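A quick write-up on the structure given underneath.
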Amino acid sequence: MRPIRLGMVGGGQGAFIGEVHRLVSRLDGQFELAAGALSSSPERSRESATALGLDPLRSYDDYHKMAIREARLKNGIEAVAIVTPNHMHAAPAIEFLKRGIHVICDKPLTATMADARKLAKVAAASNALFVLTHNYTGYPLVRQAQAMIARGDLGQIRLVQVEYVQDWLTERLEAAGSKQAEWRTDPARSGLGGALGDIGTHAYNLAAFVTGQEPTAIAADLASFVPGRTLDDNAHVLLRYAGGAKGMLWASQVAPGNENGLRLRVYGSKAGIEWTQEDPNHLWYTPLGQPRQLLTRRGPGASAEANRVTRVPPGHPEGYLEAFANIYLEAARAIRARQANEAWSADVQFPTIQDGLSGMRFVEACVQSSRRNASWVTL
């Protein structure tokens, strides 16, 4: 099939997540980068476009001009990746959705709840798709864990433990010239949450995706341990679920010795499971009263849900880029089905605008709870 023509807003030279999106979008040959407004600086935008080999006529100084012209071109972009800081998600997404161009947006959804609601309203009225890149849901064994819980292998869910722990902001890098640290610790660009919005929303989304449940109430204790830092760099959150399950979420970027420690444990009345992102090809499954079982990607016992999003034989590690690429692959399947006026397969899964709204409500509730001495807040 012809690759889907993809544009990009943000992600110019030196942007980590922009390069990740470009890599994973072309991993399966489903997308081809055709246009971009790659920086808020016109000069840097043009330099970045030249480095990527883009047609100079399709390198834009701003996303608004790009949306207008690309929507009119016979061979204009069909989808756009938005890889800007949080406060610049809503406005570009709205511009492209209004013109029928599919949007693939980095998380969290926006910087403010007001922007999130505005964006959701436009997305609901548009014929274009909105995809949110909570990329950890793309791991094969995350899909396996989801399928096992859905079919009742764990019994009634009782306990949900999820954490996402890093150490890279243990010192005040935002004052030392780190651009990645600067915007993530700036309320004007990041929003209400620091570590909570940056990685806590990933943990929250992962737990919800795997269990099929979202908490009905939370109690949060947020902290900014590094002197002079405005937003939280550590969050402890208690979770209550409608079915009686209890949970805990820990998100931290000031825990020395932790690189990218995303970990999920779920326990039910019959069994428990455990998965960690730094060892993503293994899933531990422990039925009550039996020895622990190690399930491997595409190994014995691997589910159909896991196998459909894996690429190589067992024993060959698949990791972050492949999982991220699965979100783009699922998006491509949905886009092609939409273009053909067909329904896509029920197997196709990608995070949507509703997942984004849920993450925003979670951040907002956590901030409210922490300001009230960690009192319970209903979601």
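The values are calculated or read from the model by the stated rules, or taken from the named source; none is laboratory data. Everything quoted here is computed from the prediction, not taken from an experiment. With ideal geometry, Cβ positions are generated from the backbone for all residues, glycine too; neighbour counts draw on all protein chains shown.
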Every residue from segment 269-301 that is within 15 Å of Pro140 (Cα to Cα) and surrounded by fewer than 19 Cβ atoms within 10 Å (Cβ to Cβ): Glu274, Thr276, Glu278, Asp279, His282, Trp284, Leu294, Thr296, Arg298, Gly299, Pro300, Gly301
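Specify which of the listed residues (Pro42, Pro85, Pro108) is in contact with an Asp or Glu (Cβ under 9 Å, 6 or more places away or on another chain) and loosely packed, with under 15 Cβ neighbours inside 10 Å. Reasoning before the result, please.
Working: Pro85 fails: loosely packed, with under 15 Cβ neighbours inside 10 Å; Pro108 fails: loosely packed, with under 15 Cβ neighbours inside 10 Å.
Among Pro42, Pro85, Pro108, only Pro42 is in contact with an Asp or Glu (Cβ under 9 Å, 6 or more places away or on another chain) and loosely packed, with under 15 Cβ neighbours inside 10 Å.
Kindly provide the set of residues from segment 215-230 that are in contact with a strand residue (DSSP E or B) (Cβ under 9 Å, 6 or more places away or on another chain) and either buried (at least 19 other Cβ atoms within 10 Å of the Cβ) or within 16 Å of Trp168 (Cβ to Cβ) (or both), ordered by number. Give the derivation first.
First, the residues of segment 215-230 that are in contact with a strand residue (DSSP E or B) (Cβ under 9 Å, 6 or more places away or on another chain): 215-225.
Within segment 215-230, Pro215, Ile218, Ala219, Ala220, Leu222, Ser224, Phe225 qualify.
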Which listed residue, of Ala147, Ala125, Ala114, Ala188, is at pLDDT 95 or above and touching an Asp or Glu at 6+ places or on another chain (Cβ under 8 Å): Ala147
Filter result for the condition that a residue is modelled with pLDDT of 95 or more, within 19 Å of Val367 (Cα to Cα) and not in a strand (DSSP E or B), over Val237, Val254: Val254
